[in-house]
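The values are calculated or read from the model by the stated rules, or taken from the named source; none is laboratory data. All values derive from a computational prediction rather than experimental measurement. Here the Cβ positions follow ideal geometry from the backbone for every residue, glycine too, while neighbour counts run over all protein chains shown.
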Amino acid sequence: MNILIIGAGGREHAIASTLAKNEKVNNIFLSKHNGGSQGKIINAEINHDDFEVVENFIKENNVELTIVGPEAPLDNGIVDYLEKGNHKVFGPKKSSAILEGSKKFAKDFMKKYGINTAKYSHYDTYEQALASINDFGYPTVIKANGLCQGKGVYICEDEKQAKNALEEIFLDNIFKDQGGSVVIEQYLKGFEASLLCFVSGNKIYPFDTAMDYKKIYEGDLGPNTGGVGAISPNPLWKEVHQAQSNQILAKIEEGLKNENMSFSGILFIGYLIQNDEVFVLEFNTRFGDPETEVLLPRLKSDLLENIEQSINYEEVKLDFEDNVAMATILVSKGYPKSYQKGYEITGLDDLEDIIVYHNGTKKLNQKILSDGGRVLSIVSLSDSLDSSRKSVYDAIEKIHFENMSYRKDIGKLEN
């Protein structure tokens, strides 16, 4: 079987590396360039935003399954387009991808089906939002409505910061058409948990839990990123949270059924737990990044089988190892804002018992170069978080590239 994966970041490299272990798989094509591609994994380097180009590649290379990694092609309707040509695709159609593509739609869906979430309001204009900026007190949360690569959420400590956020979104137009409206919501204080689930029609089959680190600096300071570290299972998750999560999943299933939003793919649920009460922060309709990099190494069941079960609207039989995975992401200094790239990465050949997923790298003249904000995911599997943490940071000591930066507190839990 030949497989095409849309995307070529750490998430896609993790998916490809997991699928490559399956004997049924011949070639796995990544739509963009990934410096870690080897063996069965091949860089196709096509324009995946041009769906006709994608379909032609599928036909020319006998691709039997396409898996969509990033959110933008889903929101733009790549699944609808390819399914019209009778191609097998794993991912939601545009009508279901709106759960991620519009924060307003997601919040309205939660409200309609009694899913616990923060109080919120939605505004289409700068003037409307500015007039209601103090409605939930401070801190308050302001979110650009559309897809902003994990960078469209502002936690504002006071009115000045809130005004700055609105100015960036509406007046500076930094998110282009994805920032045409905003959701302002009540700030919740607690810890976050990530739950990825297979969706098979309108039935939901959850993975094990994960925790990701969104802030760029230690101590959870600085701007939000796409994620700079992750752990699975989430060490703060308890049975009381699991019971509430199960109730939430049942309500989402009801919503998917009633709204005719059945699909095959992944639903990522971003939870926040405040005083042991579980709230839903957001939905994503694809594999989370960097959560995928700590969940797939722990997957005991066969990923290809699980994907095919979902596509066929069958029961998805997931199974995980009883171990702990941790990932620290090496980034280019300056990320998530401006940064320089193109620096040679050394030390990767010296690593033992470590998984390396390439987030933003390229191979040139047999050298691996930094080629993005997030560069490498350094992952360790062990029987304890402490052991995984030590292995990850010991490995990082051996890796070097110019302007390399990373958080040193991933996996370090507060007492």
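Below is a table of values for the structure above.
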| read-out | value |
| --- | --- |
| Answer residue from the stretch 105-134, given it is among the β-branched types (Val, Ile, Thr) and buried (at least 18 other Cβ atoms within 10 Å of the Cβ) and is farthest from Gly180 (Cα to Cα) among those | Ile115 |
| Filter result for Gly270 (touching a strand residue (DSSP E or B) at 6+ places or on another chain (Cβ under 6 Å), within 24 Å of Phe109 (Cβ to Cβ) and surrounded by 23 or more Cβ atoms within 10 Å (Cβ to Cβ)) | no |
| Number of the exception - Thr66 against (1) more than 25 Å from Ala16 (Cβ to Cβ); (2) surrounded by 16 or more Cβ atoms within 10 Å (Cβ to Cβ) | (1) |
| Strands (runs of 3 or more DSSP E) wholly inside the stretch 52-158 that include at least 1 residues being among the aromatic types (Phe, Trp, Tyr) and either out of contact with any Pro (no Cβ under 8 Å at 6 or more places or on another chain) or more than 30 Å from Tyr187 (Cα to Cα) (or both) | 120-123, 153-156 |
| Subset of the stretch 184-199 that is over 18 Å from the mean Cα position of the chain (by Cα) and surrounded by fewer than 22 Cβ atoms within 10 Å (Cβ to Cβ) - its residue that is farthest from Asp124 (Cα to Cα) | Gly190 |
| Lys363 vs. criteria within 23 Å of Glu12 (Cβ to Cβ) and not hydrophobic (A, V, I, L, M, F, W, C) | yes |
| Condition check for Gly219: over 30 Å from Gly91 (Cβ atoms) and in contact with a Leu (Cβ under 6 Å, 6 or more places away or on another chain) | no |
| Filter result for the condition that a residue is at pLDDT 95 or above, in contact with a Ser or Thr (Cβ under 8 Å, 6 or more places away or on another chain) and in a helix (DSSP H, G or I), over Phe198, Phe170 | Phe170 |
| Residue within the stretch 287-305 that is surrounded by fewer than 16 Cβ atoms within 10 Å (Cβ to Cβ) and among the aromatic types (Phe, Trp, Tyr) present | no |
| Restricting the stretch 156-181 to residues that are more than 22 Å from Phe105 (Cβ to Cβ) and touching a strand residue (DSSP E or B) at 6+ places or on another chain (Cβ under 6 Å), the residue that is surrounded by the fewest Cβ atoms within 10 Å (Cβ to Cβ) | Cys156 |
| Flag if Asn22 is of a type outside the set (A, V, I, L, M) and either without any contact (Cβ under 8 Å) to a residue 12 or more places away in the chain or in the same structural domain as Val141 (by TED's automatic domain parsing) (or both) | no |
| Tabulated pairs, the stretch 281-303, first over 18 Å from Lys214 (Cα atoms), second of a type in the set (S, T, N, Q) and in a helix (DSSP H, G or I), C-beta under 9 angstrom, 6+ apart or interchain | Thr285/Ser96; Leu296/Ser17; Leu296/Thr18; Pro297/Ser17; Pro297/Thr18; Leu299/Thr18; Leu299/Asn306; Leu303/Thr18 |
| Residue satisfying condition, being assigned by TED's automatic domain parsing to the domain that holds Glu282 and surrounded by fewer than 17 Cβ atoms within 10 Å (Cβ to Cβ), within set Pro206, Pro235 | Pro235 |
| Residue count for the stretch 403-415, restricted to those that are touching a residue at least 60 places away in the same chain (Cβ under 8 Å) and either in a loop (DSSP other than H, G, I, E, B) or small (Gly, Ala, Ser) (or both) | 9 |
| Total residues in the stretch 274-304, condition closer than 15 Å to His13 by Cα and among the hydroxyl-bearing types (Ser, Thr, Tyr) | 1 |
| Test: residue in the stretch 207-218 that is in a strand (DSSP E or B) and modelled with pLDDT under 95 | yes |
